[in-house]
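Written out below as structure tokens is the structure these notes cover.
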Amino acid sequence: MTNLVTGGAGFLGSHLSEALVRDGEHVVIIDNLSTGFVRNLERALSSGRATFVHADVAMPFPQLAQIVARASKHKIDRIFHLASPASPDAYGAMPWQTLAVNGMGTMSLIELAISFGARLLFASTSEVYGDPLVHPQPETYFGNVDPIGPRSCYDEGKRFGEAAVAAAVRARGLDGRLVRFFNCYGPAMGEADGRLVPQLVDAIRRKQPLPIHGTGLQTRSMTYVADAIELARMVMDQTFATLQPVNVGNDDERSVEEIARTLARIAGVEFTPAYLPAREQDPQRRRPDLTVARRLGWAPSTSLEDGLRETYRWFREDRLAYA
């Protein structure tokens, strides 16, 4: 089996690439390194079953097809499209690139999938639900999103990507899959990407107060990366109706302040918060309805405490190897 993973040097993509080669599969990894790091791919590349291509998939299909043809002698069987800035700091700094990779990039990858007869999985996000008025959020919820707000390049980019996959499934015969990731965290996160857990870890390492945007009462459902990758691969392998999106998350809903307190306890430091202005249009409640995922036989298996402990250990120990 030969896989194409876009955004494969990023946080989720590198874990996925490593899992695929660990199972004996071949992987072509494409990443423009705008938010990813080649260092994340050391184990995958050392296996001899992974090939890395430095490129941006937001290009016309003929050019993308040439790049993939040069990178792999084998037909691509499956495409995991994970390429996109994914943190507010990253997509806030790169709004046009975020729209491009989820728009043009997705359409070109759809053409590539159709040309190979490959299955395509599009990595969407819980951000398609916006600041939800329905709680918890089932896949049938259409969301509460501001199409011109400060987060719209990411929210609407992902919504467009889903629409493109849906149109191609209906009109072009694409074998497509849609997953919506909820607040993933774990080893290999970029320490400066602005998301909650890396921000907290960085403050602990610098012996500074823990930054909390807003009141800290807003909730998140933190999803450990290994659990998320397991479900994404299960969705790719399913034969159910291809336009059924699947929430990839953990329904253990916690407040941001509770997450910060838990990490402080794991790190052995006093909980000393620094309350910062709330991020504009930051969702106040977030928890996935996991009915569809559980129907597939999946459930999150990593507790918040265990996941944060492993993530903090990685930042303290393994991350030093990259310094």
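Values in this text are rule-based calculations from the coordinates and carry no lab data. Note that this is a predicted model, so its numbers are computed, not measured. Don't worry about glycine lacking a Cβ; one is built from the backbone with ideal geometry, like all the others, and counts go over all protein chains shown.
Annotations for the structure displayed:
- Filter result for GLN218 (within 23 Å of TYR312 (Cβ to Cβ) and exposed (fewer than 15 other Cβ atoms within 10 Å of the Cβ)): no
- Check on ALA192, surrounded by 21 or more Cβ atoms within 10 Å (Cβ to Cβ), of a type in the set (Gly, Ala, Ser) and within 20 Å of the chain's Cα centre (by Cα): no
- Applying a threshold of 6 Å to beta carbon distances and a minimum spacing of six or more residues, or different chains, the list of pairs starting in region 89-113 at a residue that is in contact (Cβ under 8 Å) with a residue 60 or more places away in the chain and ending at one that is among the β-branched types (Val, Ile, Thr) reads ALA90/THR35; TYR91/THR98; GLY105/VAL57; LEU109/ILE79; ALA113/ILE79.
Residues are listed down the side, and each one gets a yes or a no for (1) touching a residue at least 40 places away in the same chain (Cβ under 8 Å); (2) among the β-branched types (Val, Ile, Thr); (3) farther than 28 Å from ASP252 by Cα:
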{"residue": "THR140", "(1), (2), (3)": "no, yes, no"}
{"residue": "ARG151", "(1), (2), (3)": "yes, no, no"}
{"residue": "TYR154", "(1), (2), (3)": "yes, no, no"}
{"residue": "VAL165", "(1), (2), (3)": "yes, yes, yes"}
{"residue": "ALA168", "(1), (2), (3)": "yes, no, yes"}
{"residue": "ARG172", "(1), (2), (3)": "yes, no, yes"}
{"residue": "TYR185", "(1), (2), (3)": "yes, no, no"}
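- Residues in region 148-165 that are out of contact with any helix residue (DSSP H, G or I) (no Cβ under 6 Å at 6 or more places or on another chain) and of a type in the set (Asp, Glu) were compared, and the one that is surrounded by the fewest Cβ atoms within 10 Å (Cβ to Cβ) is GLU162.
- Test: residue in region 124-136 that is surrounded by 19 or more Cβ atoms within 10 Å (Cβ to Cβ), assigned to a helix (DSSP H, G or I) and in contact with a Gly (Cβ under 6 Å, 6 or more places away or on another chain): yes
- Pairs with Cβ under 7 Å, 6+ apart, first in region 58-69 and in contact (Cβ under 8 Å) with a residue 60 or more places away in the chain, second surrounded by 17 or more Cβ atoms within 10 Å (Cβ to Cβ): VAL68/LEU4; VAL68/VAL28; VAL68/ILE76; VAL68/LEU112
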